[in-house]
Amino acid sequence: MDRIVTPASRDNKSLWANSSSFSFKQNLQESYDIAIIGGGFSGLWSAFHLNKLDPSLKIAIFEAKSIGYGASGRNGGWASSEYPVYKETLKKRIGEGLTTQLLEALDQSIDEIGDFSKKHSEVGFVKSGSLYFARNRAQLSRLKSKADGGNLWISSSEVKERLNVTGALGGVLNPSCATVHPFNLVMALATYLESKGVSISENSWASPVSGGVLAKSSFIKAPVVIQATEAFGAPGRDFIPLYSLMVATEPLNESTWEEIGNSERFTFAENSHMVNYAQRTVDNRIAIGGRGATYPFASKLQESKESTAKVHETIRSLLRSWFPILRNVNFTHSWGGAVAITRDWEPFVQWDPKNGFGRLGGYAGDGVTMSNLAAKILAHEILDVKNELRNLHFVNRKIRKWEPEPIRYLGVNSLVKLSGIADTEERITGRASLLNRVIEPLILR
């Protein structure tokens, strides 16, 4: 493998890719047992679990760009047990027993990521939980409903002891969450897999065809093909790409961190309608992200969405409102990426043994942990190895279709805008947003 170090990147580049980035170049063989399209978490974890179940398998991974190019190398670094669908909604859909089984499986996946990371200190894995806080009465009311056996309710003073957020009225601690450097995790996985004999080829656009894949204008024979491209796959109406954007501060000095808190490096977020998420990085920055970029017509990926200046500035302003001490801090990075979202906000794992074709994705932004779990299930499906996880409800399910255009475009972007307006309404009134009564039934979470 040729290792080519890339220079540090700044504006509109991911903070995570500042790390040494290596190119994976392999001489392709004519055939493999399994061909995987996509070099992100889904593809890498699929190879990881397949190799673990059967080390004799010849596996090849084809990545159109570079390893971790998509959401895997750009995300907020939350290895969380959260599921895209609200817990109470999930109970109504599948029952309490299956909901418990799913959440326990996610907890186990976090620990498995931790076990892998023990030998890769650069991943910066720390399982110190997540803290959601409320800064108005409406947020507080919603947050209290999240406090249960697994999530601990804490008062405003207890929030302040852990994280000195301006105006925090209370919070919920979820112990089942870890902080990671996502790009380093991607690279550690890829390097490990290569040591196990997995062929990894970057800048190799591949397409599934009968009996294998077309890659670099050549037919590569493989009886099993896995589509692991998440938002970069051809969505049709199975899923849509929604963009999350991120910014990162310069490294903060120790006195600033003493003012802010969070010596444990737990992840944190405000309990607003518009999604946001933050972490203290291994090099003492704050990396924070959120939604707000509009959905592109017909689900066509647009690189310009990754650098929407208005959204980046909104995220910077949000962070400064949490911690006024950061009013003069420099923000050194800004970037973004798309995540795949199905109509019911649930992931999918599908295996067609007749045609030897599998696919997985639809993590709705919770992919750091979910990709590990989904890949484990798919590996067991492909090799037909017994595992109770194969009975989880999203395995081999029929995906509900999104509405056709232009209904989809108008509807999704209206919901994005309404979420922001609902947050403004709640900040002003302190009461639950009336708009949210419209939003919730349409999102169906």
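With respect to residue 67, determine if the residue is part of a loop (DSSP other than H, G, I, E, B) and closer than 15 Å to residue 195 by Cβ. Yes.
If you go through region 65-100 and keep only what is among the hydrophobic types (A, V, I, L, M, F, W, C) and surrounded by 17 or more Cβ atoms within 10 Å (Cβ to Cβ), you end up with 67, 71, 78, 79, 85, 90, 94. Of the residues 176, 195, 121, only one is among the polar types (S, T, N, Q), over 22 Å from the mean Cα position of the chain (by Cα) and surrounded by fewer than 23 Cβ atoms within 10 Å (Cβ to Cβ); which? From the options 176, 195, 121, the qualifying one is 195. Going residue by residue through region 338-357, is there one that turns out to be among the charged types (D, E, K, R), under 22 Å from residue 80 (Cβ atoms), at pLDDT below 95 and within 16 Å of the chain's Cα centre (by Cα)? No, there is no match, as no residue in region 338-357 is among the charged types (D, E, K, R), under 22 Å from residue 80 (Cβ atoms), at pLDDT below 95 and within 16 Å of the chain's Cα centre (by Cα). Filter region 256-270 for residues that are under 16 Å from residue 319 (Cβ atoms), of a type outside the set (Phe, Trp, Tyr) and surrounded by fewer than 23 Cβ atoms within 10 Å (Cβ to Cβ) and give the result. Residues satisfying the conditions are 256, 259, 260, 261, 262, 269.
Taking the criterion of being assigned to a loop (DSSP other than H, G, I, E, B) and either over 18 Å from residue 205 (Cβ atoms) or among the polar types (S, T, N, Q) (or both), the residues of region 25-49 that qualify are 26, 27, 29, 30, 33. Within region 404-419, the residues that satisfy the criterion of being over 12 Å from residue 295 (Cβ atoms) and either of a type in the set (S, T, N, Q) or in contact (Cβ under 8 Å) with a residue 24 or more places away in the chain (or both) are 404, 419.
The condition of being more than 29 Å from residue 402 (Cβ to Cβ), within 21 Å of the chain's Cα centre (by Cα) and at pLDDT 95 or above holds for only one of 256, 229, 249, that being 249. Annotation: of all residues in region 402-427 being more than 22 Å from the chain's Cα centre (by Cα) and in a loop (DSSP other than H, G, I, E, B), the one that is farthest from residue 54 (Cα to Cα) is 406.
Within region 394-421, being touching a helix residue (DSSP H, G or I) at 6+ places or on another chain (Cβ under 8 Å) and more than 30 Å from residue 371 (Cβ to Cβ) holds for one residue alone: 406.
Within region 278-314, track down each residue that is within 23 Å of residue 255 (Cα to Cα) and surrounded by 18 or more Cβ atoms within 10 Å (Cβ to Cβ).
Keep residues of region 278-314 that are within 23 Å of residue 255 (Cα to Cα), which gives 278-288.
Scanning region 278-314 gives 278, 279, 280, 281, 282, 285, 286, 287, 288.
Answer yes or no: is there a residue in region 314-325 that is under 19 Å from residue 277 (Cβ atoms), touching a Lys or Arg at 6+ places or on another chain (Cβ under 6 Å) and among the hydrophobic types (A, V, I, L, M, F, W, C). There is no residue in region 314-325 that is under 19 Å from residue 277 (Cβ atoms), touching a Lys or Arg at 6+ places or on another chain (Cβ under 6 Å) and among the hydrophobic types (A, V, I, L, M, F, W, C). Residues of region 259-274 that are of a type in the set (A, V, I, L, M) and modelled with pLDDT of 95 or more: 260, 269.
From the list 13, 52, the lone residue that is charged (D, E, K, R), modelled with pLDDT of 95 or more, outside any strand (DSSP E or B) and surrounded by fewer than 23 Cβ atoms within 10 Å (Cβ to Cβ) is 52.
Residue by residue, here is whether (1) touching a Phe, Trp or Tyr at 6+ places or on another chain (Cβ under 9 Å); (2) farther than 26 Å from residue 186 by Cα holds:
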residue	(1), (2)
285	no, no
290	yes, no
293	yes, no
334	no, no
343	yes, yes
353	no, yes
359	yes, no
369	yes, no
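The values are calculated or read from the model by the stated rules, or taken from the named source; none is laboratory data. What you see is a predicted model, and the numbers here were worked out from it, not measured in a lab. For neighbour counting, all protein chains shown are included, and Cβ atoms are generated from backbone atoms with ideal geometry for every residue, glycine included.
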